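I have placed the structure first, in the form of structure tokens, so that the comments after it can refer back to it.
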Ligand SMILES: Nc1ncnc2c1ncn2[C@@H]1O[C@H](COP(=O)(O)OP(=O)(O)OP(=O)(O)O)[C@@H](O)[C@H]1O
Ligand SMILES: [Mg+2]
């Protein structure tokens, strides 16, 4: 190798040390500075001139350095690393390395690195981790809340059958199609299936198809890439189907999904993959699908407002939840459950009288369990009494109860005698109110001759 002159060697040394981003400070074994690079000024906030002039002990005494790694190296006779706060407030990591000549320390090379930014990032990371773990705990809590909410009431045989079928299908990944009138518990059952499936620790994403405007459907379901359309958020957005990866997607009110969207959904359900709006990449998705509607999808298929192929894809395991009026055994336990929920929610301890219970059981509940839930809450919060009585029961429910009682009790005799009495009352009341037989017939929507014939017969028997 070519001989390098001392002058060139010293220039190479200087160029190398000055190009270092870290501070490099070289001292002799007495603590006198031999060399200090420019980076030290930036990192430690010291003046190179001042450092060069003074001994390291003096610099510590005068407060230029809070402590000296050089002195520690000399004391310990070994490399030392400390972290310290520099004069300019920077947090620095300082390593002193002894260099030996004939077994004795000859010089000490001190390397200082500004770790302010690193520490800042570390703190930020720590805060983010804290936040993530808090969200995680919150999510766990919400999921466990959901398990509690899963207290589905199923006293009737019909509901018991539905629950056992749901437990069976929960164990497999088949698509479930829930149908039934509004408020019968389709939402609750979909959650119950998810919570009893192996996906229970994965996400449960409910997509309310009736609440998403047609123009937003595609980007909501599939997500979009940056700049996919004007107004798109920077960085793009993850779609709901992708968000549900590893879990269950609940397509609620599927009957409201626009036809244009049905074809796209069909494809992604079939292939279990999606392509974001404005994107090219195919993203595989691992989801289980539960769909629900209160509309007659078969009729919609006939009217061509719902795609036949999508209907067959969804209708793998159909579950029909009957209306509450067809399972009256469920009313009482449901009523108790709703009272418990309202008591819990408002920290109350109200009860309900037997008479009020009787009225509620006799009612038909066209709005099903949601109506029962709302009525119970209304009764409980609007009454001051600790026990909900008959008078607290809303009029619509009472009149229904009273009417049926009145007909049954008001007329004596056999079934046909009761019917005849009731018919007679209807006719005479209508004549009285309308003022003539013709007008009464018109009001009741029957023939005048029918009214006359019946009137004659009833008067004959009097
Ligand atoms: N079997 C049940 N046990 C306890 N609570 C129930 C049961 N079924 C329904 N509910 C309650 O009744 C309310 C309505 O249920 P849900 O929202 O699931 O009905 P839905 O069939 O989805 O109605 P919609 O078609 O209007 O969306 C909810 O608050 C739910 O908690
Ligand atoms: Mg619902």
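The values are calculated or read from the model by the stated rules, or taken from the named source; none is laboratory data. Please read these numbers as outputs of a predicted model, since none were measured by experiment. Positions of Cβ are backbone-derived with ideal geometry, glycine not excepted, and every protein chain shown enters the neighbour counts.
Scan segment 316-362 residue by residue and report those that are closer than 18 Å to residue 182 by Cα, more than 13 Å from ligand 1 (Cβ to nearest atom) and surrounded by 14 or more Cβ atoms within 10 Å (Cβ to Cβ).
Within segment 316-362, 328 is the sole residue that qualifies.
Need the failing condition index for residue 174 against (1) closer than 30 Å to residue 326 by Cβ; (2) free of Cβ contacts under 8 Å to residues at least 60 places away in the same chain; (3) part of a loop (DSSP other than H, G, I, E, B), just the number.
Result: residue 174 passes all but (2).
Among the numbered criteria (1) touching a residue at least 12 places away in the same chain (Cβ under 8 Å); (2) within 30 Å of residue 183 (Cα to Cα), which one does residue 142 miss?
Condition not satisfied by residue 142: (1).
Only one of 59, 34, 74 is buried (at least 17 other Cβ atoms within 10 Å of the Cβ) and touching a residue at least 24 places away in the same chain (Cβ under 8 Å). Can you tell me which?
Just one listed residue meets the conditions, 74.
Only residues that are farther than 21 Å from residue 98 by Cα and within 58 Å of the chain's Cα centre (by Cα): list them for segment 23-49, please.
We begin by selecting, within segment 23-49, every residue farther than 21 Å from residue 98 by Cα; these are 38, 41-43, 45-49.
Hits for segment 23-49 are 38, 41, 42, 43, 45, 46, 47.
May I ask you to list the residues in segment 284-306 that are under 30 Å from the mean Cα position of the chain (by Cα), assigned to a loop (DSSP other than H, G, I, E, B) and over 15 Å from residue 253 (Cα atoms)?
285, 286, 287
Against the condition within 14 Å of the chain's Cα centre (by Cα), over 20 Å from residue 268 (Cα atoms) and assigned by TED's automatic domain parsing to the domain that holds residue 247, how does residue 201 come out, does it pass?
Yes; evaluated as a whole, the condition is true for this residue.
Looking only at segment 367-395, which residues are assigned to a helix (DSSP H, G or I) and away from ligand 2 (no atom under 16 Å from the Cβ)?
Passing the criteria: 375, 376, 377, 378, 379, 380, 381, 382, 390, 391, 392, 395.
Of the residues that sit in segment 292-313 and are within 16 Å of ligand 1 (Cβ to nearest atom) and within 24 Å of residue 271 (Cα to Cα), which one is surrounded by the fewest Cβ atoms within 10 Å (Cβ to Cβ)?
Residue satisfying both the conditions and the ranking: 297.
For segment 395-412, which positions are loosely packed, with under 14 Cβ neighbours inside 10 Å and modelled with pLDDT of 75 or more?
395, 396
Which members of segment 102-127 meet the condition of being surrounded by 11 or more Cβ atoms within 10 Å (Cβ to Cβ) and outside any strand (DSSP E or B)? Steps first, answer last, please.
Step one: list which residues in segment 102-127 are surrounded by 11 or more Cβ atoms within 10 Å (Cβ to Cβ), which gives 105-116, 118-122.
The answer is 115, 116, 118, 119, 120, 121, 122.
Which of (1) within 31 Å of the chain's Cα centre (by Cα); (2) in the same structural domain as residue 384 (by TED's automatic domain parsing) is the odd one out, the single condition residue 318 does not satisfy?
(2)
So which of 269, 274, 289 is within 16 Å of ligand 2 (Cβ to nearest atom) and surrounded by 19 or more Cβ atoms within 10 Å (Cβ to Cβ)?
Unique residue meeting the criteria: 289.
Would a scan of segment 245-255 turn up a residue that is more than 16 Å from ligand 1 (Cβ to nearest atom) and either out of contact with any strand residue (DSSP E or B) (no Cβ under 7 Å at 6 or more places or on another chain) or at pLDDT below 95 (or both)?
Here is the first cut: in segment 245-255, the residues more than 16 Å from ligand 1 (Cβ to nearest atom) are 245-247.
Filter again for either out of contact with any strand residue (DSSP E or B) (no Cβ under 7 Å at 6 or more places or on another chain) or at pLDDT below 95 (or both), leaving 245-246.
Looking for residues that are more than 16 Å from ligand 1 (Cβ to nearest atom) and either out of contact with any strand residue (DSSP E or B) (no Cβ under 7 Å at 6 or more places or on another chain) or at pLDDT below 95 (or both), one finds at least one in segment 245-255, hence yes.
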